[in-house]
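Take this structure, written in structure tokens, and hold onto it; I'll ask about it next.
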């Protein structure tokens, strides 16, 4: 399993979630975040607002989901965002007690 954390422009949140859902992802988590990119000027106390869409997916779906996110979120301009992928060793659905890929 992989955890995908996509940091995107706020106006694209619903489109990105829709694209992810079309790939068969069951659920997502959304956070409103702020930050600066590595090449942004060091403005103390000034950050860009973005949305972070988080989902955990089965490995075979990874490339399809990354393509879906980039197709929707890419405007070709600096500041479109980043996507981070990290391994997930295990998962547990608290209510059903299902573990691993059956819990997602």
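The values are calculated or read from the model by the stated rules, or taken from the named source; none is laboratory data. What you are looking at is a predicted structure, and each value in this text was computed from that prediction instead of being measured. In this analysis, Cβ positions are derived from the backbone assuming ideal geometry, glycine residues included, and neighbour counts consider all displayed protein chains.
Given the criteria touching a strand residue (DSSP E or B) at 6+ places or on another chain (Cβ under 8 Å), assigned to a strand (DSSP E or B) and closer than 26 Å to residue 101 by Cα, does residue 20 qualify?
Criteria not met by residue 20.
Taking residue 79 as meeting all but one of (1) over 19 Å from residue 13 (Cβ atoms); (2) in a loop (DSSP other than H, G, I, E, B), write down the number of the exception.
Result: residue 79 passes all but (1).
Could I ask something else about it? Quick check on this structure: which one of 25, 16 is at pLDDT below 95 and crowded, with 16+ Cβ neighbours inside 10 Å?
Criteria check complete, one pass: 25.
Could you check how many residues of region 31-72 are surrounded by 15 or more Cβ atoms within 10 Å (Cβ to Cβ), more than 23 Å from residue 99 (Cβ to Cβ) and in contact with a helix residue (DSSP H, G or I) (Cβ under 7 Å, 6 or more places away or on another chain)?
Total meeting the criteria: 6.
For region 85-98, name all the residues that are over 16 Å from residue 59 (Cβ atoms) and either touching a residue at least 60 places away in the same chain (Cβ under 8 Å) or surrounded by 11 or more Cβ atoms within 10 Å (Cβ to Cβ) (or both).
92, 93, 98
I've got another one for you. Please find, within region 3-17, the residue that is nearest to residue 56 (Cα to Cα) out of those that are in a helix (DSSP H, G or I) and touching a helix residue (DSSP H, G or I) at 6+ places or on another chain (Cβ under 6 Å).
Ranking the qualifying residues of region 3-17, first place goes to 16.
Something else now. Pairs, please: C-beta under 7 Å, at least 6 apart or cross-chain, first residue at positive phi and in region 13-31, second surrounded by 12 or more Cβ atoms within 10 Å (Cβ to Cβ)?
So the pair list comes out as 24/61.
Name the residue, out of 37, 45, that is at positive phi and either part of a loop (DSSP other than H, G, I, E, B) or at pLDDT 95 or above (or both).
Selected residue: 45, the only one of 37, 45 that is at positive phi and either part of a loop (DSSP other than H, G, I, E, B) or at pLDDT 95 or above (or both).
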